Structure formats: structure tokens, C-alpha cells
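Notes follow once the structure below has been shown.
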Amino acid sequence: MNDTSSLSFDARVDRLRLIANELRRHVVDMVYTAQSGHIGGSLSAADFVAALYFDLMKVDPANPGWEERDRFVLSKGHACPIWYASLAMRGFFPIEELKTLRKNDSRLQGHPIATYLPGLDASTGSLGLGYAQAVGIAMEGKLMRKKDYKVYVVLGDGEINEGVVWESSLAAAKFQLDNLVAIVDINNLQLDGTIDEVLPTHPIDAKFRAFGFDVLTMNGHDMVDVLVTLTKARNTRSGKPVCVLAQTVKGKGVSFMENQLDWHGKAPNDEQYKKAIAELKGAPL
Ligand SMILES: Cc1ncc(C[n+]2csc(CCOP(=O)(O)OP(=O)(O)O)c2C)c(N)n1
Ligand SMILES: [Mg+2]
């Protein structure tokens, strides 16, 4: 079920909280099973990705190439466990396939390959390039096809170190891409340090504003705030692209992973797996 129009706002929020929790359980399970993969940045993005795929975005798993669909690009492609889990739970491919993450011949590679799997709108992993593709997809939608679908793209706060992000942002503003919603996952950590230690990017809101974006900020783990803010972003047609700054916690939901640099790309051992799944209460996977 994905038509939530008959539900009250509170019921939509409750439903999304449960879905986000289940997505987190899948992420932990996939990375544990593969014994490799990026867990921290998948968990920080889980709440707003849940809100997009399970409430706000127009997609049809039975027709992944539907021309009218909203597009989604996870530009921080290393966090693809959350993308794969969302697509599987949404019905794009069988849930059991999640267990094949990072295996030879799997459609679920360590960085997403669009031609391998239904529902992926871009191949990503080289930071910055997914965003450039998303800007191109938004240009195509607005200027060439003249459709009103939205293009949602998720960037990491380390990712915005990439120069191509700013070059693409200039183009998004120039072409008045108000069909573009760029969500920056501000978990304050990247691969080998904090944002300030590696290459400071703050203040991020002022930068995107200066580049011609409407900027919104939300607590990326408060589902009420997430739903309200992303709805606003979706409905905006101001002639400007929208940037949503999601304040998040890397590793969110698993106490010993939260805010810990080494959980950027580490797999849990047996004991850590059991503890993590116990913390993320829910149905057995
Ligand atoms: C062009 C490029 N340079 C370096 C990397 C290696 N790399 C993978 S993830 C990462 C850190 C990304 O941090 P952030 O965007 O904050 O992601 P998150 O914290 O959400 O995991 C880096 C440097 C890469 N994938 N692509
Ligand atoms: Mg980060």
C-alpha cells in the first residue's frame, strides 16, 4: 500500500516510523550478511528516504520506467543499502535479493548500477556525479519533456566537497529547476573525519542560498518535521531549485554506531549484529 491519502497525518507519520525502522533492520542485515558495506550513512538517511518512497514520491514498482514517475538519485551512492532496502520493500524486486548485497553476479553491487536493477534512476558512487546527473534529469523533465515530475537527489555533507556539486548547482539555478529537490544529509562525518576536520563546508545553508536555491532545514529523524518539510519542498514552484538540509546522526538507531566514524564502512560481527537488531525492535527478517 502506498496511497496514503485516506490516512490522517498522524497515521502517516506512525506508518513511516515503522517502515524506517524496518529499513534500518534490512540495512544492518545486508551489511552483516555481506560482511562489508556502508552502514552509518544508510542509517542517517533512513527516515527521509522512507518518507519519499513510502509516502511522497510518485513511483510504480510494476512499471519502473513510467515516464510520469518522480525520479530519485542517491548521489552518496556508497549508502546504497538504504536505497536497495527501500526499493525491495516498495516492491521493485524480491526482498530475499537483499541478502545478495556485494556478492559476485548480484544486481546489488557495492555502488548502484542503474542498468542492473529496476528503480535506480542513476548509477552513483563517485561522489558528486549523481548530483550532476540529477540536475540533468531535472533539466530534461522541465525544459525538454515539459513534465511536472520531481527529481529528488540525496547528497552527503562530505560529498559537497566536490566541485561538480557547485558547478551543477549553478546550472540548476540558471535553468530555474524548481522540479529539483536536493537533500543534504548533514551527519557531520565523512569517511575519515568530521566535516570540519576534512574540509569545512559550513555554513551550508548560506552557500546554497547564494547559489540561488530555496533552502529548508529539518530534523532528519523527526518524522513529523520530515513529512512537513519534504511536502513543502515537493509543492514549491518558486522558479528556484530547493535544497533541504537534513540534520541527522550517522548510524542513527543503533546506539554503538551513532556518531562513530568507524561505522562509516564497517560490518558488524555476530555479537554486534544481534545487539543492533535487538535495538531495532520489529518483526524477524
Ligand atoms: C569522488 C570520490 N572521492 C572519494 C570517494 C570515497 N568516499 C566514499 S564515501 C566518502 C565520504 C562521504 O561522506 P559523506 O558524503 O558525508 O557521506 P555519509 O556521511 O552520508 O556516509 C568518501 C570520501 C568517492 N566515493 N568518490
Ligand atoms: Mg556525512
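Quick note: the coordinates plus some simple rules give every number you see, no bench work behind them. Note that this is a predicted model, so its numbers are computed, not measured. Every residue, glycine among them, receives a Cβ derived from its backbone with ideal geometry; neighbour counts consider all protein chains shown.
Let me have the 222 nm mean residue ellipticity of the chain computed from DSSP H runs of 4+ only, each contributing -39500 (n - 2.57), with the sum over all residues rounded to the nearest 500. Don't jump to the answer; show the numbers that get you there.
Values: 9 runs with 105 residues, N = 285.
Calculated at 222 nm, the ellipticity per residue is -11500 deg cm²/dmol.
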Given segment 16-279, what percent of its DSSP beta bridges are antiparallel, to the nearest 5? 5
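Rounded, prolate or oblate, given the Cα gyration tensor of segment 73-225, with a/c below 1.5 counting as rounded? Intermediate results must be reported in sequence, preceding the final value.
Values: a/c = 1.78, a/b = 1.27, b/c = 1.40.
Oblate shape, in that a/c is at least 1.5 and b/c is the bigger or equal ratio.
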Taking the Cα centroid of segment 50-78 and of segment 208-277, what is the distance between the two, rounded to the nearest whole Å? 17
What ranking of Arg102, Arg71 emerges when the number of other C-beta atoms within 10 Å of each C-beta is taken as an exposure proxy, fewest first? Arg102, Arg71
Can you tell me the relative contact order of the chain? Whole percent, Cα pairs under 8 Å, sequence separation 6 or more. 23
As an exercise, take the mean of 1/r over every pair of distinct alpha carbons in the chain, invert it, and state the Kirkwood radius in angstroms. 18.7
Fluctuation leader among Ser42, Ser86, Ser126 - the chain, Gaussian network, Cα springs under 10 angstrom: Ser126
Out of every Cα-Cα pair in segment 195-285, what percent are more than 23 Å apart? 45
In which sequence would Cys80, Cys243 go, from the one with the fewest C-beta neighbours within 10 Å to the one with the most? Cys243, Cys80
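Tell me, what is the percent relative contact order of segment 28-174, built from C-alpha pairs under 8 Å that lie six or more residues apart? Working shown, then result.
Working: 231 pairs, mean separation 37.0, N = 147.
Reported as a whole number, the value is 25 percent.
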If I model a spin label at Ser255 and Ala11 as a point 7 Å from the Cα along the Cα→Cβ vector, what separation in nanometres do I get? 3.5
Say a site is exposed when it is one of the chymotrypsin sites (Phe, Trp or Tyr not before Pro), sits in a DSSP loop, and has at most 14 other Cβ atoms within 10 Å; what is then the longest site-free stretch of the chain? 117-285
Fewest-first ordering of Met57, Met89 by Cβ atoms within 10 Å yields Met89, Met57
